[in-house]
1. When you look at A55, is it modelled with pLDDT of 95 or more, small (G, A, S) and over 12 Å from F153 (Cβ atoms), yes or no?
2. Counting residues that are open to solvent by less than 50 Å² (accessible area, probe 1.4 Å), which strands (runs of 3 or more DSSP E) fully inside the range 111-154 reach at least 3?
3. List pairs: first residue in the range 5-26 and closer than 18 Å to T109 by Cα, second residue open to solvent by 100 Å² or more (accessible area, probe 1.4 Å) and assigned to a helix (DSSP H, G or I) anywhere in the structure, Cβ distance under 8 angstrom, at least six positions apart or on different chains.
4. Within the range 92-110, which residues are assigned to a strand (DSSP E or B) and touching a His at 6+ places or on another chain (Cβ under 8 Å)?
5. May I ask you to list pairs of residues, at least six apart or on different chains, whose Cβ atoms are under 8 Å apart, with the first in the range 139-154 being farther than 13 Å from E129 by Cβ and the second being of a type in the set (F, W, Y) and at pLDDT below 95?
6. What pairs can you find where one residue is in the range 46-69 and of a type in the set (D, E), the other is surrounded by 11 or more Cβ atoms within 10 Å (Cβ to Cβ) and assigned to a strand (DSSP E or B), and their Cβ atoms are less than 7 Å apart, with a gap of 6+ or different chains?
7. Looking only at the range 78-110, which residues are surrounded by fewer than 12 Cβ atoms within 10 Å (Cβ to Cβ) and modelled with pLDDT of 90 or more?
8. If you go through the range 70-91, how many residues are under 19 Å from Y113 (Cβ atoms), touching a strand residue (DSSP E or B) at 6+ places or on another chain (Cβ under 9 Å) and either part of a loop (DSSP other than H, G, I, E, B) or free of Cβ contacts under 8 Å to residues at least 24 places away in the same chain (or both)?
Amino acid sequence: MWFGGGIRKEREIVFPTAAYYAQKLYATQPGRWPVRVKISTPMFNVLEVPPEVPAVKNAPYVDAVALLNDDRSVLSLIVTNFHPTEPIEATITLHNFTIKEPIKIKTLTGPNYLVRNTWSNPEAVKITESEIEASGEKLKYILPAHSITLFLFS
């Protein structure tokens, strides 16, 4: 992800970058108090890198952070799928948390990991919103390739 700034201007067109949307997902979710997350995920290695970049072994394809809001009524779960081309099925299990409303989902992704927002296509990478019903304490969800997904459990 390019972090040269969150807003770009080109040919008098102003548009947000993917970095802007990623920061927005994290900054606007209601959580404040960390919640323990246990992850089981496929791993990958990056061994052929330029000299100034360290090699990586056993890096997770999926990472997550969970936060409760102040009155503990909303659980924010932010899950990142680092795989550049493959969606990954996630099974989310909640303990000691009863879901009372549909789950709100916000997903940041684009058509492929090389796409960026431009003046001619300012919404190539963007956040989409949806809701799903849940029952029980497990939720299965397909994380799109190269995506960040925010789940809001009430």
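The values are calculated or read from the model by the stated rules, or taken from the named source; none is laboratory data. Only a predicted model underlies this, so the values are computations on that prediction, with no experimental measurement involved. In this analysis, Cβ positions are derived from the backbone assuming ideal geometry, glycine residues included, and neighbour counts consider all displayed protein chains. With ligands, DNA and RNA removed, areas are computed over all heavy atoms of the protein, side chains included. Shrake-Rupley method; radii C 1.70, N 1.55, O 1.52, S 1.80 Å.
1. When the stated conditions are applied, A55 does not pass them.
2. Output list reads 138-143, 147-153.
3. Taking only residues 6 or more apart or on different chains, the pairs are G6/Q23.
4. Matches in the range 92-110: T109 only.
5. Close Cβ pairs satisfying both conditions: A145/Y113; H146/Y113; F153/F97.
6. Listed by first residue and then by second, the contacts come to D63/T80.
7. Passing the criteria: T85, E89, T91, T93.
8. Result for the range 70-91: 3.
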